[in-house]
Amino acid sequence: MNQDTPRHWIVNAALPVHYQVRLVDGLLELDNRALLEAGSTQRKSNPRRLVVIDANVDRLYGVQLRQYLTHHGVKHHILALQASETEKTMESVFTVVKAIDGFGISRRHEPILAMGGGVLMDIVGLAASLYRRSTPYVRIPTTLIGLVDAGVGAKTGVNHGAHKNRLGTYFPAKDTLLDRRFLKTLDTRHVVNGLAEILKIALIKDRTLFELLERHATSLIEERLQGLTEESDRAAAQVIERAITGMLEELELNLWEHKLERVVDYGHSFSPTLEMMALPELLHGEAVNIDMALSTLLSVQRGLITPEERDRIFALMRKLELPLYHRLCSPMLLASALADTVKHRDGLQRLPLALGIGAACFVNDLQPSELFTALSTLQELGNVALPEREAAHA
């Protein structure tokens with residue numbers, strides 16, 4: 001070999017990321033072209049779409065969806081998928097891949113449409129990221145947690161073994177279409193489930209959002225954020241917009257999580273382990289709220305939150321009908337959860353704690369004694385009974 005032959009190469013490349021999140025009313029109305037045009041780089045005279053839809057959503061909106069696609073001359077195949085945390089697996093991903101192969105799509109100009117809640121969108125997103133190493137897709141969230149959280153970021157993923165979202169990629173949808181009219185058919189428990197993620201944003205960065213939730217919690221739940229009066233409509237719109245804006249502000253500068261200190265991880269340090277252990281009893285937002293309740297008490301113990309602020313936070317959690325405690329919470333489970341979180345965060349706790357209402361800080365020195373003291377206090381608040389588990393859309 002010629003001694004002048006290079007033995008060391010360095011490749012520098014940048015991947016530009018551009019995706020949009022849009023609020024769109026009446027997405028399935030025949031004169032609304034947003035769904036037809038979303039995510040496509042070409043306007044074709046003979047459009048084709050593969051639609052992966054939550055089976056419960058298909059039962060409610062499937063006829064309207066098919067009428068829309070037929071009206072616009074779209075050749076389509078619709079895969080109705082059972083989507084829950086217990087079915088959030090690679091087998092579901094393979095089911096989507098099989099449908100893509102069977103229908104056949106243009107790799108760049110015929111985006112897959114994912115219509116459903118966060119679980120459905122995570123499954124389809126992972127399939128899209130893997131299929132031919134990247135295939136465009138569009139998110140159409142139909143749950144509140146999908147509108148404000150799962151539908152607006154870059155993450156995809158499925159559960160593996162006892163671990164939540166252990167397998168996944170960063171692969172944002174080309175387009176996300178948010179229509180809060182889908183929430184009309186959402187059952188109360190799943191409205192509350194999404195409000196937990198909204199409360200997260202309020203606690204760690206938006207005091208105004210917290211105050212909006214305090215004033216309008218009851219109408220938000222009872223009206224399913226539809227705004228049946230001018231005041232409640234304005235409040236629902238503000239709550240959704242502030243939650244999405246807050247989330248995207250945090251994600252945009254750290255989309256690939258190169259920085260592991262993320263305030264949006266608030267409520268997500270202990271909850272992944274609890275949620276998976278409790279399946280199918282706890283919904284994601286319910287587990288997150290229990291984590292936030294525990295974290296609130298940790299902040300109180302450290303003097304980061306006053307007793308008065310603690311009382312406001314817990315009063316709002318109750319007003320939002322969110323659980324504060326679950327019987328599976330134990331010193332052993334919390335210690336195991338924190339150990340797994342430390343691995344996930346590259347050897348440090350990087351634990352976000354609320355600093356008052358509307359700000360946050362990070363700690364790396366949480367001691368077991370602090371954690372167990374907070375748990376003991378949380379247990380004294382009592383177990384909040386959960387309603388029977390229902391399909392997301394009723």
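The values are calculated or read from the model by the stated rules, or taken from the named source; none is laboratory data. Remember, it's a predicted structure, so these values are computed and weren't measured experimentally. Glycine gets a Cβ as well: all are built from the backbone with ideal geometry, and neighbour counts include every protein chain shown. The area values use the complete protein model at the heavy-atom level, side chains included, leaving out ligands, DNA and RNA. Shrake-Rupley method; radii C 1.70, N 1.55, O 1.52, S 1.80 Å.
Annotation for region 208-248: GluC sites (Glu not before Pro) lying in DSSP loop with at most 11 further Cβ atoms inside 10 Å of their Cβ do not exist.
Let me check something: with ligands and nucleic acids excluded, how do L253, L212 order by accessible area (1.4 Å probe), largest to smallest? Provide the component values of the computation, followed by the final result.
Numbers: L253 160, L212 5 Å².
Result of the area sort, largest leading: L253, L212.
When +1 charges are put on Lys and Arg Cβ atoms and -1 charges on Asp and Glu Cβ atoms, the dipole computed for region 240-292 relative to its Cα centre reaches about 40 debye.
What residue among V51, G303, A337 has its Cα farthest toward the positive end of the dipole of the chain, where the charges are +1 on Lys, Arg and -1 on Asp, Glu, each on the Cβ? It is V51.
In terms of accessible area, using a 1.4 Å probe and ignoring ligands and nucleic acids, F314, F171 rank largest first as F171, F314.
With a 1.4 Å probe and all protein chains left in place, how much of the accessible area of the chain comes from carbon and sulfur atoms, in whole percent? So the carbon and sulfur contribution to the accessible surface is 51 percent.
Ranking L203, L220, P141 by Cα position along the charge dipole of the chain, where only Lys, Arg, Asp and Glu carry charges on their C-beta atoms, puts P141 farthest toward the positive end. The lysine pair tally for the chain, using Cα distances under 20 Å and a gap of 8 or more places or different chains, is 17. Magnitude of the charge dipole for region 289-382, about its Cα centre and with charges confined to Cβ atoms of Lys, Arg (+1) and Asp, Glu (-1), is about 120 debye. Of the residues P111, N159, V239, the one whose Cα sits farthest toward the positive end of the charge dipole of the chain, with +1 on the Cβ of Lys and Arg and -1 on the Cβ of Asp and Glu, is P111. What accessible area per residue comes out for the chain, rounded to a whole number of Å², with a 1.4 Å probe? Per-residue value: 45 Å².
Dipole size in debye (nearest 20) for the chain around its Cα centre, Lys and Arg Cβ +1, Asp and Glu Cβ -1?
Numbers: 44 positive and 48 negative charges, 288 e Å.
With Lys and Arg at +1 and Asp and Glu at -1, about 1380 debye.
Taking θ as phi - 60° and the Karplus parameters 6.51, -1.76 and 1.60, the scalar couplings of region 369-377 work out to 4, 5, 5, 6, 5, 5, 4, 4, 5 Hz in sequence order, x denoting glycine and proline.
The calculated 222 nm mean residue ellipticity attributable to helices in the chain amounts to -14000 deg cm²/dmol, summing -39500 (n - 2.57) over DSSP H runs of n ≥ 4 and dividing by all residues. Return the single residue from K319, K343, K184 with maximal mean-square fluctuation; model: Gaussian network over the chain, springs between Cα atoms under 10 Å. The residue with the greatest mean-square fluctuation here is K343.
With every protein chain in place and a 1.4 angstrom probe, the accessible-area ranking of S232, S219, largest first, reads S219, S232.
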